[in-house]
Amino acid sequence: MAITTTFNAQSFSSTGVDLSTTNLTTAVTVGSEEIYLVKSIIVSNYDASNAVNVSAQWTDNSNSDTAYWIQKNKAMSAETSYDILGANMGPVVLHESDTIKVQASAANRAHVTVTVMKLGRGTGL
């Protein structure tokens, strides 16, 4: 008898992060026994006169926390927004304990909003 694993959409969720330092900042950590489908990573440079560069990566917990860049040093003019995943990239699938981290070249210039679809795990026959 074959056993298959099915995934059911449970909910959509957004979280926001203020990049108040130039350190890598965790925006999302996948919960226990969950899978997240990352739909968008929107960065907003809210500074009225200064540009900022932003980067985003995901960390694979199942592979010794290996980090993979999604976007590296995207230059953003003052008062602009950018969806890192955009129309030309597919969604990113994250598994238990994986993370999305973001970073800015200057503190207190950018906000990040990450929207995910949380998937629940169920076993079917």
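Filtering segment 15-50 to residues that are surrounded by 15 or more Cβ atoms within 10 Å (Cβ to Cβ) and among the aliphatic types (A, V, I, L, M) leaves V17, L19, L24, A27, V28, V30, I35, L37, V38, I41, I42, V43.
Selection over segment 47-62 of residues that are over 15 Å from the mean Cα position of the chain (by Cα) and part of a strand (DSSP E or B) gives a count of 2. Restricting the search to segment 63-116, which residues are of a type in the set (A, V, I, L, M, F, W, C), under 23 Å from T29 (Cβ atoms) and in a loop (DSSP other than H, G, I, E, B)? The answer is I84, L85, M89, A107. Output yes when any residue across segment 57-66 is in contact with a strand residue (DSSP E or B) (Cβ under 8 Å, 6 or more places away or on another chain) and either over 23 Å from K118 (Cα atoms) or charged (D, E, K, R) (or both), and no when none is. Yes.
Would it be correct to say that D60 is surrounded by 15 or more Cβ atoms within 10 Å (Cβ to Cβ) and at pLDDT below 95? So D60 passes the test.
Apart from one condition, S13 fits all of (1) within 17 Å of the chain's Cα centre (by Cα); (2) assigned to a strand (DSSP E or B); (3) within 25 Å of A107 (Cβ to Cβ); the exception is (3).
The values are calculated or read from the model by the stated rules, or taken from the named source; none is laboratory data. Not measured: the values here are computed from a predicted model. Methodologically, a virtual Cβ is constructed for each residue, glycine included, from the backbone with ideal geometry; neighbour enumeration extends over all protein chains shown.
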